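For reference, the structure discussed in these notes is given below.
Values in this text are rule-based calculations from the coordinates and carry no lab data. The structure presented is a predicted model; accordingly, all values stated were derived computationally and were not measured. Note that each Cβ is placed from the backbone with ideal geometry, even for glycine, and that neighbours are counted across all protein chains shown.
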Amino acid sequence: MKLKFYKATDIVSKAKATIHKTGKLGFSSEAISYLGIKEGLFIKFAQNEEDEIDINLYAVLCETQEDDGFKIYKAGSYYYVNTKGLFDSIGVAYIPNTIIYDLIKTEYEGQQIIKMNRREITKQKKGGAD
């Protein structure tokens, strides 16, 4: 038997990206550090074509704008991607709900990729008598 022990310090649970009402995808400070996001990078997004109910996304960071990657922008210490067109075209309902992706590094065909596990929080209407 061969055991592989996991270090708590290697597990990042706060690396997240959230879709804003404008359709931009913003990265948490933990995600910026975990993924090594910096100015000048691009990101490509993918979906699992073989599983129609897989609502997660997959991404790859790129040094150049190869294969129509999305540019990562910086505003202060904040990084974001203009993804409104992407999310509109694939039917992600980010206006009525809050969409958060938990980011996990993994491998696909020998290349490091980012699995974006989707969580959806339905916004409650503020109560009150009509």
Revision key, fill the gap. For segment 15-122, the charge dipole (Cβ of Lys, Arg +1; Cβ of Asp, Glu -1; about the Cα centre) points to a positive end, and the Cα of 81, 116, 69 closest to that extreme belongs to 81
Study note, to complete from the structure: If every Lys and Arg gets +1 and every Asp and Glu gets -1 at its Cβ, then about the Cα centre the chain yields a dipole, in debye to the nearest 20, of 820 debye
Practice item. Report relative contact order for segment 15-122 in percent, whole number only (criteria: Cα-Cα under 8 Å, sequence separation at least 6). Key: 31 percent
Study note, to complete from the structure: Looking only at aspartates and glutamates whose Cα falls under 14 Å of residue 38's and that sit 8 or more positions away or on another chain, we get 30, 63
Practice item. Specify the inter-centroid distance of segment 1-52 and segment 84-99, based on alpha-carbon positions, in whole Å. Key: 18 Å
Study note, to complete from the structure: Among (i) 64, 40, 36; (ii) 81, 49, 38; (iii) 50, 31, 27, the value of Cα extents along the principal axes in Å computed for this structure carries the label (i)
Exercise for review: Mind checking which lysines have their Cα closer than 17 Å to the Cα of residue 115? Skip sequence neighbours fewer than 8 apart in that chain.
Suggested key: 14, 16, 44, 105
Point to revise | Fluctuation leader among 59, 93, 75 - the chain, Gaussian network, Cα springs under 10 angstrom | key: 75
Study note, to complete from the structure: With only helices counted (DSSP H, runs n ≥ 4, each -39500 (n - 2.57)), the per-residue ellipticity at 222 nm for the chain, to the nearest 500, works out to -2500 deg cm²/dmol
